[in-house]
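The values are calculated or read from the model by the stated rules, or taken from the named source; none is laboratory data. Since this is a predicted model, take the numbers as computed values, not measurements. Glycine also receives a Cβ, built like all others from the backbone with ideal geometry; neighbour counts cover every protein chain displayed.
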Amino acid sequence: MRIGIIGAGQLGQMLGFAARDLGMSCTFIDPSPNPPAATCGRVIRAPFDDDDALSALAADCDIVTYEFENVPVEALERIGEQVPVYPPPDALRQAQDRLAEKQLFGSLGISLPAYRPVDSIDDLENAIEAIGLPLVLKTRRLGYDGKGQCVVRHRADIETAWRQLGESELIAEAWVDFDCEVSAIGARNAAGEIIIYPLTQNEHVDGILRVSRAPVDDEMLTRRAEKIMTALLKSLSYVGVLTLELFVVGDQLLANEFAPRVHNSGHWSIEGAIPSQFTSHLIAISNGHLEAPQLRGYAGMLNLIGDIPAAARGIPESHLHDYGKDARPGRKLGHITVIADSAAKRDRLLAEIREKTG
Ligand SMILES: Nc1ncnc2c1ncn2[C@@H]1O[C@H](COP(=O)(O)OP(=O)(O)O)[C@@H](O)[C@H]1O
Ligand SMILES: [Mg+2]
């Protein structure tokens, strides 16, 4: 089976490693000169919206998927006439616009923070009246790793926030004083089989994921997240892996956003579950049988951001993944996973690695 993957970053690389074990071959599209996934397949060097390159990819593959959300949906729909494209482009369309995403959550009865679309300073004033302060102002499109966001704590912050973000379509969202953040990763195939990974708890620093821990030992939260995930997968007639980010407030879950792709918060599943999120994605898009993930212990994952210190290499009981990227501040360059037989040991290992790697 030949898989075409739009984007050849680390997610493409990890999909490529999983594909190799399944006897699948991968071809990628990416504009950068030496992307991480170049180690696992041919890379067509072209922008993500290059119709000719996308057509060439589709002509060369049995199925096309993407590891990157900023692909023009229209381009995906065009190649969808040549070859199946999963996850469905319509799911991507909704995920690309925070307003559409929140409306979808609302239409499915999924709880979420109060929000208002904001296209003018007046709208922002009205949103403050309706939602209260603090609130988070976010661009509707193209935000990632906390970029395109600004917290408005006082009315005096309005001017600054507007200067920073006012040129884009925006959304104002109630600030959630959450207990913690979790994510749920699920997969569905075209036959309608669904599997869901155990809940993962995520810690962000400066808007970027730093540490993930799985499983979250909470039956009720797990059941609630599974219900939300199932509703979302079905309503989107989804095929592939989908990731849902949630805020935990007491025993409630509030939906934050979803990503129609494999996700950083599921990297622990490479060593921590059989099958991994990458394998499940490939099986789902090729309409294979989805196996419920079996856990191999308590998993912890630490992102290596900005540089990979020498001390990160060769740490006992840890699995280092170096994506082979050039170092740059704020850039995700790799991650380390630990698997332990108790949550306490997992947390101790993570603390030691954090200490060593700074
Ligand atoms: N309404 C909110 N209340 C509190 N924290 C928030 C809120 N929205 C976002 N955040 C924080 O910012 C992080 C990034 O925001 P998110 O909406 O997930 O955007 P992205 O991941 O696309 O950058 C979240 O994981 C969370 O830590
Ligand atoms: Mg997020």
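So here's what we get for this one:
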read-out: Output for region 273-305, where each listed residue is under 21 Å from Leu233 (Cβ atoms) and charged (D, E, K, R); value: Glu291
read-out: Residue ID - farthest from ligand 1 (Cβ to nearest atom), chosen from residues in region 160-184 that are over 29 Å from Arg224 (Cβ atoms) and of a type in the set (S, T, N, Q); value: Thr160
read-out: Any strands (runs of 3 or more DSSP E) falling wholly within region 286-358 and containing at least 3 residues that are without any contact (Cβ under 8 Å) to a residue 60 or more places away in the chain; value: 319-322, 332-340
read-out: Residue match in region 237-247 (condition: within 16 Å of ligand 1 (Cβ to nearest atom) and closer than 25 Å to Asp322 by Cβ); value: yes
read-out: Checking Ala225 against (1) within 16 Å of ligand 1 (Cβ to nearest atom); (2) touching a helix residue (DSSP H, G or I) at 6+ places or on another chain (Cβ under 7 Å), the condition it does not meet; value: (2)
read-out: Arg155 touching a helix residue (DSSP H, G or I) at 6+ places or on another chain (Cβ under 8 Å), of a type outside the set (Val, Ile, Thr) and more than 19 Å from Arg116 (Cα to Cα); value: no
read-out: Qualifying positions in region 248-270 - within 16 Å of ligand 1 (Cβ to nearest atom), closer than 25 Å to Arg348 by Cα and either at pLDDT below 95 or β-branched (Val, Ile, Thr) (or both); value: Val248
read-out: Residue that is farthest from Ile79 (Cα to Cα), among those in region 3-48 that are under 18 Å from the mean Cα position of the chain (by Cα) and part of a loop (DSSP other than H, G, I, E, B); value: Gly9
read-out: Contacts under 6 angstrom Cβ, first residue in region 224-248 being more than 18 Å from Phe278 (Cβ to Cβ), partner in a helix (DSSP H, G or I) and at pLDDT 95 or above, 6 or more apart; value: Leu236/Ala91
read-out: Members of region 120-132 found to be touching a Lys or Arg at 6+ places or on another chain (Cβ under 8 Å) and under 18 Å from Leu165 (Cα atoms), listed by number; value: Asp123, Asn126, Ala127, Ile128
